[in-house]
Amino acid sequence: MNILVIEDEERLAILVKQGLDENGYTTTLAFDGLTGKYMAMQNDYDLIIMDIILPGINGIDLCKEVRTVKPDIPILMLTALGTTNNKVEAFDAGADDYLVKPFDFRELHVRLRALTKRSAVNAKRQDYILKYADLELNDQTKIVRRSGVEIILTPKEFKLLEYMMQNNERVLSRTEIADKVWDTHFDTGTNFIDVYINYLRKKVDKNFEQKLIHTKPGMGFILRTGEL
């Protein structure tokens, strides 16, 4: 299990890392909020531990930003601020649990096990939800959101996006899309695939800086972060 610890007290961060490593976790450290934000957004972790008072960006704001992109990752706040208001603020920001310093490492370990167990159960319950970057598609409610903003799609647009999310980061040919999404033989004399891809781009990408739907000239289309 990969854990990111964002803590500006280096001595405490190192002690936490040592304890986690001894218990079989793989631990990465960040000593300020901005570094922690970059690492959290760019890498895949199973859980994040973060302090509230951090240089660069505080833990409350950092938690909110991480939640917009990775809504399901377990987050444990680790801080010296132990009042009820502090805890409420942390939970409102999206934290799953809250541990006040100083603490016994055994309690931290127990809380981490509880969080990861809960996360695994939720993942099984939500296997009908597809997620890629900040894009989320719910196959049961037929709701699509990007960065929390709902996107209204037609049934065919929904099915096309669903197939692309199921096959993210893989180039999909027009023939494959026609077969899997439209259940029809592809007619090279039509461009209806391109038309629907453009419909999706206008709804999924137009209002966002990061584009997700890309064209691979002569090959097809791909859902991925970053340019080809």
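The values are calculated or read from the model by the stated rules, or taken from the named source; none is laboratory data. Computed from a predicted structure; not experimentally measured. Ideal geometry is used to build each Cβ from the backbone, glycine not excepted, and the neighbour counts take in all protein chains shown. Each accessible area value is taken on the protein alone, full model and side chains, heavy atoms only, with ligands, DNA and RNA left out. Shrake-Rupley method; radii C 1.70, N 1.55, O 1.52, S 1.80 Å.
Ignoring ligands, DNA and RNA, how do Phe208, Phe91 rank by accessible area with a 1.4 Å probe, largest first?
Phe91, Phe208
Tell me the accessible surface of Val110 in square angstrom (1.4 angstrom probe, heavy atoms of protein chains only), to the nearest ten.
Approximately 80 Å² for this residue.
Show Leu81, Leu15, Leu108 ordered by accessible area, largest first, where the area counts protein heavy atoms only and the probe is 1.4 Å.
Leu15, Leu81, Leu108
Per-residue ellipticity at 222 nm for the chain, helices alone: DSSP H runs ≥ 4 residues times -39500 (n - 2.57), over residue total, nearest 500 deg cm²/dmol?
Theoretical 222 nm ellipticity from helices: -12500 deg cm²/dmol.
Report, in degrees rounded to the nearest 10, the 0 to 90 angle that the Cα long axis of helix 84-93 makes with the longest principal axis of the chain.
Here the helix axis deviates by roughly 20 degrees.
With point charges of +1 on the Cβ of Lys and Arg and -1 on the Cβ of Asp and Glu, referenced to the Cα centre of the chain, which listed residue (Leu115, Ile6, Tyr163) lies farthest in the positive direction of the dipole?
With unit charges placed on the Cβ atoms, the residue in question is Tyr163.
Taking the Cα centre as origin and putting +1 on Lys and Arg beta-carbons and -1 on Asp and Glu beta-carbons, what dipole magnitude results for region 1-124, to the nearest 20 debye?
In debye, rounded to 20, region 1-124 gives about 420.
Using only Cα atoms, tell me the angle between helix 105-125 and the longest principal axis of the chain; keep it within 0 to 90° and round to the nearest 10.
The angle comes out near 20 degrees.
Using a 1.4 angstrom probe on the protein heavy atoms only, could you order Lys117, Lys64 from most to least accessible area?
Reading off the accessible areas and sorting them downward yields Lys117, Lys64.
For the chain, what % of the accessible area comes from carbon and sulfur atoms, probe 1.4 Å?
Percent of accessible area from carbon and sulfur atoms in the chain: 49.
I'd like the FRET efficiency for Phe208 and Asp104, computed as 1/(1 + (r/R0)^6) with the beta carbon distance as r and R0 of 30 Å, rounded to 0.05.
0.10
So which residue, out of Thr79, Thr35, Thr154, gets the largest mean-square fluctuation from a GNM of the chain using Cα contacts under 10 Å as springs?
Highest fluctuation among the options: Thr154.
Run the 1.4 Å probe and let me know the accessible area of Arg174, rounded to the nearest 10 Å².
60 Å²
If I fit a long axis through the Cα atoms of helix 33-42 and take the longest principal axis of the Cα atoms of the chain, what angle between them do I get, 0 to 90°, rounded to 10?
40 degrees
So how much accessible area does Val69 have, in Å² to the nearest 10, using a 1.4 Å probe?
Accessible surface of Val69 is approximately 50 Å².
Only bridges whose two residues both fall in the chain count here: according to DSSP, what percent of them are antiparallel, nearest 5?
If I count the DSSP bridges inside the chain, around 50 percent turn out antiparallel.
In whole Å, how far is the Cα centre of region 19-51 from that of region 202-228?
Result: 29 Å between the Cα centres.
How long are the semi-axes of the equivalent ellipsoid of the chain, taking √(5λ) for every eigenvalue λ of the Cα gyration tensor, in whole Å from largest down?
One finds semi-axes of 41, 16, 16 Å for the chain.
For Gln166 and Glu22, what is the calculated FRET efficiency with R₀ set at 41 Å and r taken between the beta-carbons, to the nearest 0.05?
After rounding, the FRET efficiency stands at 0.55.
Could you size up the charge dipole of the chain around its Cα centre, putting +1 on the beta carbon of Lys and Arg and -1 on that of Asp and Glu, and report it in debye to the nearest 20?
Computed charge dipole of the chain: roughly 620 debye.
For region 1-122, take N as its residue count and report Rg(C-alpha) divided by 2.2 N^0.38 Å.
0.94
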